[in-house]
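Everything below concerns the one structure shown next.
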Amino acid sequence: MVKETLDAPYSHYLLDAELSQKVDHRTTEEMDIDGFTLMEIAGSSAAKKILQHNKQLQHNVFLCGKGNNAGDALVVARYLLQHDARVTLVFISGTDDLSKDTQKNLKLLRAFDKKDRITIYEKWSGFSAPNNYNFIIDGMLGTGLTSDLRGDYAKAVGWANQQQHPVLAMDIPTGLHPDSGEKMGKAIEAVRTFSFGGRKQGFYLNDGPAVTGTIDYCDLPFPNAYKEDCKTFALDTDWVSLPSYTPGKHKYDSGVLHIVAGSEGLTGAAIMAARSAWAEGLGAIIIICPRGLLSVFEHNLPSVIKKPVGKKEDYYFKESHAEQVQDILQEKESSMLLGPGLGRNTDTISFVEQLLTTTTTDTIIDADGLWCLSQLEEWPKTDQANWILTPHPGELQKLIKDEIGEGHQRLNTVRKLCQENNTTILSKGMPGIIGTPSRKCYLTNYNTNYFARAGSGDVLAGKVSAFSALGLAADESCAAALLNGQQKLSSLQKDTNKIPEPTDFI
Ligand SMILES: NC(=O)C1=CN([C@@H]2O[C@H](COP(=O)(O)OP(=O)(O)OC[C@H]3O[C@@H](n4cnc5c(N)ncnc54)[C@H](OP(=O)(O)O)[C@@H]3O)[C@@H](O)[C@H]2O)[C@@H](O)CC1
Ligand SMILES: [K+]
């Protein structure tokens, strides 16, 4: 079993609709905390955050459905009313069929209105927006969304998105699927989303990042144990500690990385990966290459040790080189990066198969290494070998020999592939996804599209490999590499408007 060490704090658990409902249900049933109380905590914490940032609220428009999501919005309305703001409520499905707690909150809100400051519309068609107002509060639909937006809900969402006024969403922007992050027909484009009792997985997938705006996590008294089934987590620098550089006594005490790479005309990838790994303070990097390419690496990587295999006229790896490579790997405890610029010769595929069949070294497989793997009937993985695969979406598709689709489907694919093959995968794309053998997945929480440039993959593979060689577990190595990129990106964006280049991430 691959060692896993990432341990997300509960605030970073990403819930899907089923788990949200389950946690809610268990809390009300087993803890005897009723739904009305949970609604009060949810709505009041959102209201306090709104008031904290906006002292001068005069008038707000509340778009309400008929479920508990509307109840949250009505609690917010009560707090804003108490601060002398006017309130316009629009009930898209009328008020006859409101959920019990939402009905109660409407009654309570009315009881607070001593100055006739509430206007209520019982259906969408009669609604006319006030002249001046601050926010649109979206309390139409939350985790109860079951299908594409129907009738007036779609109209209300379309209207809200056309207004200049910012939209604040209760729990989830209406229309965004909490699990997949897909727009169900349409979705509210919020500037802020107040997420109750747990952020939702869909915020980070597909359309999610474009419509949730800033996410405000509002805690609810859900016992942590009820969330234990969660398998998706947000990856953040605030809980993953990046390794700090500690020099060893000897070069071979400070992390050794073997890079098995190169074929004629394809040496650049290995050079980028080696430079990227070297920057993390490894004791030694050893490039294993076909002997014909030795001079290229001698010229470009003076600090790196080279161990050529085969004959002078070999410019790509052949099956016959596998034994020699295996002997070199056994000389030092190390991690191995297999793949950059290997090329796609038939003989190289056999080399990769042969090497992987025999090695027990922790192995990071990237680029052409992944392509070779995708050409094999079965993955030649030994039980003792820890693998990290770092595919971009095209490579992932080749590996599973099927379509992978966007974010949510990709997440499901990665989860399944990791479990079935007892391997760790860093799936590149937006978001970056780390999959582990236990089915746990970690999603990046920043714009990874900046990495979609040629050369970035080599830099990332270099980082993952360096952290693995420094002794981090497979999942931690991937997390550290992705967060290392995030840190470099944010310091670059602070200093300049320049579009980041792959070398900026070294
Ligand atoms: N979980 C928690 O811990 C807590 C949850 N809280 C809050 O409760 C929210 C969940 O509430 P919920 O279950 O009442 O569902 P909700 O989203 O309000 O909507 C249900 C209604 O939507 C309708 N509907 C569905 N699809 C539709 C469509 N496509 N187009 C149009 N209509 C559609 C459906 O109608 P039906 O199909 O039944 O006619 C049904 O009546 C949650 O997100 C959070 O805000 C907090 O108060 C405190 C703690
Ligand atoms: K909502």
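Return the only residue of G94, G71, G142 being in a loop (DSSP other than H, G, I, E, B) and in contact with a helix residue (DSSP H, G or I) (Cβ under 9 Å, 6 or more places away or on another chain). Even if it seems obvious, please write down each step before you answer.
Numbers: G94 fails: in contact with a helix residue (DSSP H, G or I) (Cβ under 9 Å, 6 or more places away or on another chain); G71 fails: in a loop (DSSP other than H, G, I, E, B).
The conditions single out G142.
Only one of (1) farther than 28 Å from K440 by Cα; (2) away from ligand 1 (no atom under 14 Å from the Cβ); (3) assigned to a strand (DSSP E or B) is not met by L14, so which one is it?
(1)
Results for (1) in a loop (DSSP other than H, G, I, E, B); (2) crowded, with 22+ Cβ neighbours inside 10 Å, shown as yes or no for each residue.
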| site | (1), (2) |
| --- | --- |
| S45 | no, no |
| Q56 | yes, no |
| L63 | no, yes |
| A77 | no, yes |
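At least 2 residues that are farther than 27 Å from T361 by Cβ in each: list the strands (runs of 3 or more DSSP E) lying fully within the range 373-475 that qualify. Even if it seems obvious, please write down each step before you answer.
Details: elements: 387-389, 424-427, 433-435, 441-444.
Because the criterion is at least 2 residues that are farther than 27 Å from T361 by Cβ, the strands (runs of 3 or more DSSP E) in the range 373-475 that meet it are 441-444.
One line per residue, one yes/no per condition, for (1) modelled with pLDDT of 95 or more; (2) more than 25 Å from D207 (Cβ to Cβ); (3) aromatic (F, W, Y):
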| residue | (1), (2), (3) |
| --- | --- |
| D402 | no, no, no |
| T413 | yes, no, no |
| I434 | yes, no, no |
| A452 | no, no, no |
| A474 | yes, yes, no |
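Filter the range 144-173 for residues that are surrounded by 24 or more Cβ atoms within 10 Å (Cβ to Cβ), near ligand 1 (Cβ under 8 Å from one of its atoms) and β-branched (V, I, T) and give the result.
Of everything in the range 144-173, just one residue is surrounded by 24 or more Cβ atoms within 10 Å (Cβ to Cβ), near ligand 1 (Cβ under 8 Å from one of its atoms) and β-branched (V, I, T), namely I172.
In the range 246-341, which strands (runs of 3 or more DSSP E) lie fully inside it and hold 3 or more residues that are in contact with a Leu (Cβ under 9 Å, 6 or more places away or on another chain) and buried (at least 19 other Cβ atoms within 10 Å of the Cβ)? Walk me through it before giving the result.
Values: elements: 256-260, 284-290, 305-309, 335-338.
Because the criterion is at least 3 residues that are in contact with a Leu (Cβ under 9 Å, 6 or more places away or on another chain) and buried (at least 19 other Cβ atoms within 10 Å of the Cβ), the strands (runs of 3 or more DSSP E) in the range 246-341 that meet it are 256-260, 284-290, 335-338.
Report every pair of residues separated by at least 6 positions or lying on different chains whose Cβ atoms are under 8 Å apart, first residue within the range 147-176 and more than 25 Å from G197 (Cα to Cα), second more than 8 Å from ligand 1 (Cβ to nearest atom) and assigned to a helix (DSSP H, G or I).
From residues that are more than 25 Å from G197 (Cα to Cα), the pairs are D152/W124; D152/S125; K155/W124; A156/W124.
Every residue in the range 63-78 that is of a type in the set (K, R) and more than 8 Å from ligand 1 (Cβ to nearest atom), please.
Within the range 63-78, the subset of a type in the set (K, R) is 66, 78.
Within the range 63-78, just R78 meets the criteria.
For the range 446-466, give me the residue count where each residue is touching a Leu at 6+ places or on another chain (Cβ under 9 Å) and either surrounded by fewer than 24 Cβ atoms within 10 Å (Cβ to Cβ) or not small (G, A, S) (or both). Outline the logic, then answer.
The initial filter retains those residues of the range 446-466 that are touching a Leu at 6+ places or on another chain (Cβ under 9 Å), namely 446-448, 450-451, 460-466.
From what's left, either surrounded by fewer than 24 Cβ atoms within 10 Å (Cβ to Cβ) or not small (G, A, S) (or both): 446-448, 450-451, 460, 463-464.
Number of matching residues: 8.
Restricting attention to the range 473-488, which residues are over 14 Å from the mean Cα position of the chain (by Cα), surrounded by fewer than 23 Cβ atoms within 10 Å (Cβ to Cβ) and not charged (D, E, K, R)?
Within the range 473-488, A473, Q487 qualify.
The values are calculated or read from the model by the stated rules, or taken from the named source; none is laboratory data. None of these values were measured; they are calculated from a predicted model. Heads up, the Cβs are rebuilt from the backbone with ideal geometry, glycines too, and the neighbour counts pull from every protein chain shown.
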